[in-house]
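The values are calculated or read from the model by the stated rules, or taken from the named source; none is laboratory data. Predicted, not measured: the structure shown is a model, and the values here were computed from it. Counting neighbours? That spans all protein chains shown, and the Cβs are built from the backbone with ideal geometry, glycine included. Remember, those area values only see protein heavy atoms, side chains included, never the ligands or the DNA or RNA. Shrake-Rupley method; radii C 1.70, N 1.55, O 1.52, S 1.80 Å.
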Amino acid sequence: MNEFYLKAKLFFGPQAVEHLGSLKCSNVLVVTDGFLQESGMVNKMTQYLPAGTHVTVYSNVKPDPSQELVDAGVEMIFDVKPDLVIAFGGGSCIDATKAILYFAGEKGMERPYFLAIPTTAGTGSEVTNFAVITRGTTKVALIDDALAPDGALLDASFTRSVPPKITADTGMDVLTHALEAYVSNKATTFTDAMAVKALRIVFEDLPVVFHDGDAMRARGRMAEASCVAGIAFTNAGLGINHSLAHALGGRFHVAHGRLNAILLPYVMRFHMAEAKYREPYDRLAHELGMADADELLRRVIDLRHELGIENTLADLGTIDPAAFEEHVGDMAEAASHDRCTPTNPRPVSKQDLVNLYRDAYNG
Ligand code: NAD
């Protein structure tokens, strides 16, 4: 039996932020990061809350949020006792909020209404039952329906300030979500439809927003594509591209979307080397109006190049070759146990993962 599930009610489009004025709340907690607080974006958002609402802002979130940050957030939320929690930021802020609410719930806190407002077009975390938390040097994907927000508000005006490099990284994350959801061994007609739509938008609009951050129609479409891809993968699951990226990101702290983008052609080639696993890539290429899987692979590489993303992990210049070799076995071990690996279309051994890491490092 298959299932398709969407918990969050979606509010989207220009001025979607006005929805905040209709919420019934008196004591709001906003979980965000230092940049969004200092840049004034948090205030721009909270001014739409009903007059007289008490607002507490917790702006300690850092990229790749740690378990320690989450634990501190759990203590804080018991003090604040909010009736509405807003996660405001990229995937790091939304995931940190999910984990804070999850662990506070385990300690007996009654769950307040949880609204996610993404400020990047990338993770789709506003609609997923995933949260990625870093424990030591390992990124751990928590997966539970209880993590998913109750509402998601997509207002692309909050993504306007995202600089080109982060626009590229997060946009390639959308592409990777949709592609891995499509070829997943849990894909269905419903998730395929969403993955294909998200990919059409990414190929068309990601180059536009990369070159012109003020292209608001394209920003809006990318915000929707991110969310649509999130709905696809929260139902279909992901694959080893994400497993490899999680283990690498936990160890070497490179932006998640950039790692996905660098790894993707290597992972695609690994799958396409066997006819059985190449088939969904050919099918996807046809749905996107391309000739075959080889053209799809070329288009992914061309897009990556247009966005200025490196071809190999070595090209990043931040991962020392000796440190990479020292940890490649541990990272492959962690990737083999990652929660994204069971839905990968092709079964993988630890040695396959080591080989993929080395391919992606050396090119
Ligand atoms: P991020 O949240 O880590 O943010 C990256 C940077 O962008 C930060 O410095 C942040 O301050 C900045 N930023 C955010 N919004 C901005 C804006 N509007 N203008 C200017 N700068 C802005 O990046 P992300 O890619 O959105 O999230 C990555 C995290 O999400 C990783 O930890 C990844 O593992 C996780 N993730 C989660 C899911 C999920 O379903 N839960 C899916 C994919 C990835």
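Identify the residue in the stretch 109-142 that is in a strand (DSSP E or B) and more than 9 Å from the ligand (Cβ to nearest atom) and, among all such residues, is surrounded by the most Cβ atoms within 10 Å (Cβ to Cβ). Before you say what the answer is, go through the steps one by one.
From the stretch 109-142, those in a strand (DSSP E or B) are 113-118, 130-135, 138-142; that's our starting set.
Still in the running and more than 9 Å from the ligand (Cβ to nearest atom): 113-117, 135, 138, 140.
On the way: 113: 16, 114: 23, 115: 26, 116: 29, 117: 26, 135: 12, 138: 17, 140: 18.
In this case the residue turns out to be 116.
The set of residues in the stretch 170-200 being within 20 Å of residue 213 (Cβ to Cβ) and open to solvent by less than 10 Å² (accessible area, probe 1.4 Å) consists of 171, 172, 173, 174, 175.
Quick one: would you say residue 242 is farther than 17 Å from residue 200 by Cα and either among the hydrophobic types (A, V, I, L, M, F, W, C) or modelled with pLDDT of 95 or more (or both)?
On the way: farther than 17 Å from residue 200 by Cα: yes; either among the hydrophobic types (A, V, I, L, M, F, W, C) or modelled with pLDDT of 95 or more (or both): yes.
The answer is yes for residue 242.
Pairs are defined by a Cβ separation below 6 Å, a sequence spacing of at least 6 or placement on different chains, a first member in the stretch 235-262 that is more than 29 Å from residue 3 (Cα to Cα), and a second member that is near the ligand (Cβ under 10 Å from one of its atoms) and not in a helix (DSSP H, G or I); the pairs so defined are 249/139; 250/134; 250/139.
Of all residues assigned to the stretch 241-264, none qualifies as being more than 16 Å from the ligand (Cβ to nearest atom) and in a helix (DSSP H, G or I). Inside the stretch 58-71, residues that are open to solvent by 50 Å² or more (accessible area, probe 1.4 Å) and touching a helix residue (DSSP H, G or I) at 6+ places or on another chain (Cβ under 9 Å) make up a count of 4. Contact map, the stretch 123-139: residues that are without any contact (Cβ under 8 Å) to a residue 60 or more places away in the chain paired with residues that are in a loop (DSSP other than H, G, I, E, B) and surrounded by fewer than 24 Cβ atoms within 10 Å (Cβ to Cβ), Cβ distance under 9 Å, separation 6+ or inter-chain. Pairs shown: 131/144. Return a yes/no flag: does the stretch 215-224 have any residue that is open to solvent by 20 Å² or more (accessible area, probe 1.4 Å) and either within 11 Å of the ligand (Cβ to nearest atom) or within 14 Å of the chain's Cα centre (by Cα) (or both). Looking through the stretch 215-224, at least one residue is open to solvent by 20 Å² or more (accessible area, probe 1.4 Å) and either within 11 Å of the ligand (Cβ to nearest atom) or within 14 Å of the chain's Cα centre (by Cα) (or both). Listed conditions (1) modelled with pLDDT of 95 or more; (2) in contact with a Gly (Cβ under 6 Å, 6 or more places away or on another chain) are all met by residue 138, apart from (1). With respect to (1) crowded, with 20+ Cβ neighbours inside 10 Å; (2) closer than 22 Å to residue 178 by Cα; (3) small (Gly, Ala, Ser), the lone exception for residue 334 is condition (2).
When you check residue 7 against the structure, is it open to solvent by 100 Å² or more (accessible area, probe 1.4 Å) and part of a loop (DSSP other than H, G, I, E, B), yes or no? No: the conditions fail for residue 7. Does at least one position in the stretch 37-45 carry a residue that is assigned to a loop (DSSP other than H, G, I, E, B) and within 16 Å of the ligand (Cβ to nearest atom)? Checked the stretch 37-45: at least one residue is assigned to a loop (DSSP other than H, G, I, E, B) and within 16 Å of the ligand (Cβ to nearest atom). Each residue in the stretch 306-338 was checked for being outside any helix (DSSP H, G or I) and under 28 Å from residue 206 (Cα atoms), and 10 pass. Regarding the stretch 84-101, can at least one residue be identified that is open to solvent by 50 Å² or more (accessible area, probe 1.4 Å), over 20 Å from residue 35 (Cβ atoms) and among the hydrophobic types (A, V, I, L, M, F, W, C)? Among the residues of the stretch 84-101, not one is open to solvent by 50 Å² or more (accessible area, probe 1.4 Å), over 20 Å from residue 35 (Cβ atoms) and among the hydrophobic types (A, V, I, L, M, F, W, C), which makes the answer no. Residue 301 meets the conditions (1) open to solvent by 30 Å² or more (accessible area, probe 1.4 Å); (2) over 24 Å from residue 205 (Cα atoms) in every case but one. The failed one is (2). Within the stretch 158-167, is even one residue closer than 23 Å to residue 88 by Cβ and more than 10 Å from the ligand (Cβ to nearest atom)? Looking for residues that are closer than 23 Å to residue 88 by Cβ and more than 10 Å from the ligand (Cβ to nearest atom), one finds at least one in the stretch 158-167, hence yes.
In this structure, is residue 282 assigned to a helix (DSSP H, G or I), open to solvent by 30 Å² or more (accessible area, probe 1.4 Å) and under 30 Å from residue 253 (Cβ atoms)? So residue 282 does not fit the description; no.
Looking only at the stretch 206-238, residues that are under 14 Å from residue 174 (Cα atoms) and touching a Phe, Trp or Tyr at 6+ places or on another chain (Cβ under 6 Å) come to 0 in all.
Just one of the numbered conditions (1) open to solvent by 30 Å² or more (accessible area, probe 1.4 Å); (2) in contact (Cβ under 8 Å) with a residue 40 or more places away in the chain; (3) within 14 Å of the ligand (Cβ to nearest atom) is not true of residue 26: (3).
If you take the residues in the stretch 73-105 that are of a type in the set (A, V, I, L, M, F, W, C) and out of contact with any helix residue (DSSP H, G or I) (no Cβ under 9 Å at 6 or more places or on another chain), which one is farthest from the ligand (Cβ to nearest atom)?
From the stretch 73-105, those of a type in the set (A, V, I, L, M, F, W, C) are 74, 76-78, 80, 84-88, 93-94, 96, 99-101, 103-104; that's our starting set.
If we keep only those that are out of contact with any helix residue (DSSP H, G or I) (no Cβ under 9 Å at 6 or more places or on another chain) too, we end up with 80, 84.
On the way: 80: 22, 84: 20 Å.
Ranking the qualifying residues of the stretch 73-105, first place goes to 80.
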